[in-house]
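Here's the structure we're looking at; comments come further down.
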Amino acid sequence: MSLQSRTEYFRGRVVHVTVDDVVLPNGHLASLDVVHHPGGAAVVALDAEMRVCLLRQYRYVADGWLWELPAGKLEPHEEPLATAQRELAEEAGARAAQWQPLGSYLSSPGVFTEVIHLFFATGLAPAATAHEASEVIEVHWVAFAEARRWALDGTIRDGKTAVGVLRAAAKLNP
């Protein structure tokens with residue numbers, strides 16, 4: 001695919017929106033709406049009792065409360081692992097001794113450039129939290145088997161959380 005032209009329509013605090021005129025691999029010229037996002041990282045943090053950290057977080061856009069993994073936006077020039085480590089401490093009050101990548105996840109590839117990097121963290125210890133004023137978060141430690149059921153039955157509606165939990169389950173029970 002080759003970009004022919006780009007027109008920016010909006011630039012916000014986190015995202016910017018463009019209309020890109022592109023030539024697709026089949027030769028067709030298309031005009032595509034694109035929401036550019038810096039990407040993020042999310043953490044499946046598992047403690048010694050086989051409990052996973054899930055945040056019950058209020059999301060205005062989702063019109064209510066969601067179950068989510070600790071996660072956040074990549075800061076400029078920040079590696080995904082550093083983002084995951086920072087967010088685990090800030091949101092969940094934990095740090096981890098062992099980290100394994102669980103691959104990446106595309107939230108909505110038809111329109112968003114956002115790539116979320118998933119990590120599995122173990123060997124947990126307490127850390128200081130640092131919730132932002134705009135974050136309404138409850139920290140919960142849920143039995144991993146229950147979280148896996150929630151990912152499958154739709155109780156967990158957040159995509160990165162469902163994918164992260166299921167990928168971690170596959171690592172635990174190949």
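The values are calculated or read from the model by the stated rules, or taken from the named source; none is laboratory data. These numbers come from a predicted model, not from an experiment. A quick note on method: Cβ atoms are made from the backbone with ideal geometry, for glycine too, and the neighbour counts reach across all protein chains shown. Surface accessibility is based on the protein's heavy atoms, side chains included, excluding ligands, DNA and RNA. Shrake-Rupley method; radii C 1.70, N 1.55, O 1.52, S 1.80 Å.
On the basis of being of a type outside the set (Ser, Thr, Tyr) and either touching a Gly at 6+ places or on another chain (Cβ under 9 Å) or open to solvent by 60 Å² or more (accessible area, probe 1.4 Å) (or both), does residue 63 make the cut?
The answer is yes for residue 63.
Within the stretch 135-151, can one find any residue that is closer than 20 Å to residue 81 by Cα, touching a Phe, Trp or Tyr at 6+ places or on another chain (Cβ under 9 Å) and open to solvent by less than 60 Å² (accessible area, probe 1.4 Å)?
Here is the first cut: in the stretch 135-151, the residues closer than 20 Å to residue 81 by Cα are none.
No, that holds for no residue.
What strands (runs of 3 or more DSSP E), lying completely within the stretch 16-63, carry at least 2 residues that are touching a strand residue (DSSP E or B) at 6+ places or on another chain (Cβ under 9 Å) and of a type in the set (Gly, Ala, Ser)? Can you show your working first?
Values: elements: 16-23, 29-36, 40-45, 51-59.
By residue number, 29-36, 40-45.
Taking the stretch 120-147 on its own, how many of its residues are within 15 Å of residue 51 (Cα to Cα) and within 17 Å of the chain's Cα centre (by Cα)? Step through it out loud before you land on a result.
Residues of the stretch 120-147 that are within 15 Å of residue 51 (Cα to Cα), as a first pass: 120-126, 139-147.
Now drop any that are not within 17 Å of the chain's Cα centre (by Cα), which leaves 120-121, 139, 147.
Final tally of qualifying residues: 4.
Between a first residue in the stretch 106-120 that is within 10 Å of residue 35 (Cα to Cα) and a second residue that is open to solvent by less than 60 Å² (accessible area, probe 1.4 Å), which pairs have beta carbons less than 6 Å apart while being 6 or more apart in sequence or on different chains?
Correct list of pairs: 111/35; 112/35; 112/37; 113/36; 113/37; 114/37; 114/39; 114/107.
Collect the residues in the stretch 85-118 that are of a type outside the set (Lys, Arg) and either within 17 Å of residue 141 (Cα to Cα) or open to solvent by less than 20 Å² (accessible area, probe 1.4 Å) (or both), keeping them in residue-number order.
87, 88, 89, 90, 91, 92, 93, 94, 96, 102, 116, 118
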